[in-house]
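Asks: The structure follows.
The values are calculated or read from the model by the stated rules, or taken from the named source; none is laboratory data. Every value quoted in this text rests on a predicted model; they were computed, and no experiment measured them. Glycine also receives a Cβ, built like all others from the backbone with ideal geometry; neighbour counts cover every protein chain displayed.
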Amino acid sequence: MRSAVKVFLTTLLFVSPVAVDAKDNQEDGQAARLIAETVAPPFEPCLFSSYRFLQPETEEKLVTLTQKDRAVLVRIYSSALFDSGSAEIKPALNDVLRRIGAAIAEHKFKALVIGHTDNVPIHTLQYPTNWHLSEARAKAVAAMLSDLTGPGAITSESRADTEPIGDNATPEGREANRRIEILVYGAADRAGLEPPEQSPKETTP
C-alpha cells in the first residue's frame, strides 16, 4: 500500500524522481519517509511548503492532503473554490484541480468528491438548502476532474452540514466546515485492497 500511496503523492506534488526510484532493498524505507514527510494532519501550517505545486494554497490553509484509512484525502476549502452561495469554480483554482485530475487519470485511480457546508441555512431559488448547494459544488469539481479521467472514475456526494470538522458556533469553524473533499481510492486499490466502505449516499430533500 505504501508504494501505491507514494506513487499518487509523487505525481500530485511533483516530488523529485530520485525519491521514488529507490533500489528494491530501500523501497519500503523510502516510501515510509516520503509518506511521513508529505502526509500530515489538516490545518498544519506550511504543509508541503517545499513543493511549488501546492505551496501557496497550503500556506494559506486552503488545501490539505492527508491519508484517511486506506485512501488519500485532498481537502480544499470552499472559500478558495467558490464565491458565497455559488457552485461556479473560481478560475484561480482550475489549474490545481486539473493537476489533481491528471494524477488520478495517469494511475487509473478512482475518487469520490464530497461537498460539505456549515450549518447556516441557505434559501435561494437555485439552492433551496445546503444539500442542494453542496451537491452542486461536488458535481462541479467532479465534472472538471472527469474531463481528465474520463467517465466512471469520479463520483460525487452531498453531505451538507452532517460532517463538521470545526465548531459551527464560530466563524473559523464554519469556514473549516465549508469544504470539498476528494477521496482518492486508487492508491489503496493498486495494493490489492478494497476501498474504504462508503457511508450511505444522502438524498437531496
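Asks: So which residues in the stretch 124-156 are touching a helix residue (DSSP H, G or I) at 6+ places or on another chain (Cβ under 6 Å) and under 13 Å from Ile182 (Cβ atoms), if there are any at all?
Replies: Met144, Leu145, Leu148, Thr149, Ile154, Ser156
Asks: Hey, among Pro200, Pro195, which residue is part of a loop (DSSP other than H, G, I, E, B), surrounded by 15 or more Cβ atoms within 10 Å (Cβ to Cβ) and modelled with pLDDT under 90?
Replies: The unique qualifying residue is Pro195.
Asks: When the residues of the stretch 67-90 are narrowed to those that are of a type in the set (S, T, N, Q), in contact (Cβ under 8 Å) with a residue 40 or more places away in the chain and closer than 19 Å to Thr124 by Cβ, which ends up surrounded by the most Cβ atoms within 10 Å (Cβ to Cβ)?
Replies: Looking at the filtered set, the residue picked out is Ser78.
Asks: Also: Show the residue pairs meeting these rules: Cβ distance below 7 Å; 6+ apart or different chains; first residue within the stretch 139-162 and on the phi > 0 side of the Ramachandran plot; second residue crowded, with 18+ Cβ neighbours inside 10 Å and not in a strand (DSSP E or B).
Replies: Listed by first residue and then by second, the contacts come to Ala160/Thr117; Ala160/Asn130; Ala160/Trp131; Ala160/Ser134.
Asks: Also, I was wondering about something else. Just one of (1) touching a strand residue (DSSP E or B) at 6+ places or on another chain (Cβ under 9 Å); (2) surrounded by 15 or more Cβ atoms within 10 Å (Cβ to Cβ) trips up Asn119, so point out which.
Replies: Tallying (1) touching a strand residue (DSSP E or B) at 6+ places or on another chain (Cβ under 9 Å); (2) surrounded by 15 or more Cβ atoms within 10 Å (Cβ to Cβ), Asn119 fails exactly one: (2).
Asks: Is it the case, given these coordinates, that Ser134 is more than 13 Å from the chain's Cα centre (by Cα), among the hydroxyl-bearing types (Ser, Thr, Tyr) and not in a loop (DSSP other than H, G, I, E, B)?
Replies: Criteria met by Ser134.
Asks: Which residues, taken from the stretch 59-113, are assigned to a strand (DSSP E or B), modelled with pLDDT of 85 or more and closer than 16 Å to Ile154 by Cβ?
Replies: Within the stretch 59-113, Leu73, Val74, Ile76, Ala111, Leu112, Val113 qualify.
Asks: I'm trying to understand the selection: among the residues of the stretch 142-158, which are in a helix (DSSP H, G or I) and under 9 Å from Val113 (Cα atoms)?
Replies: Answer for the stretch 142-158, where residues must be in a helix (DSSP H, G or I) and under 9 Å from Val113 (Cα atoms): just Ala142.
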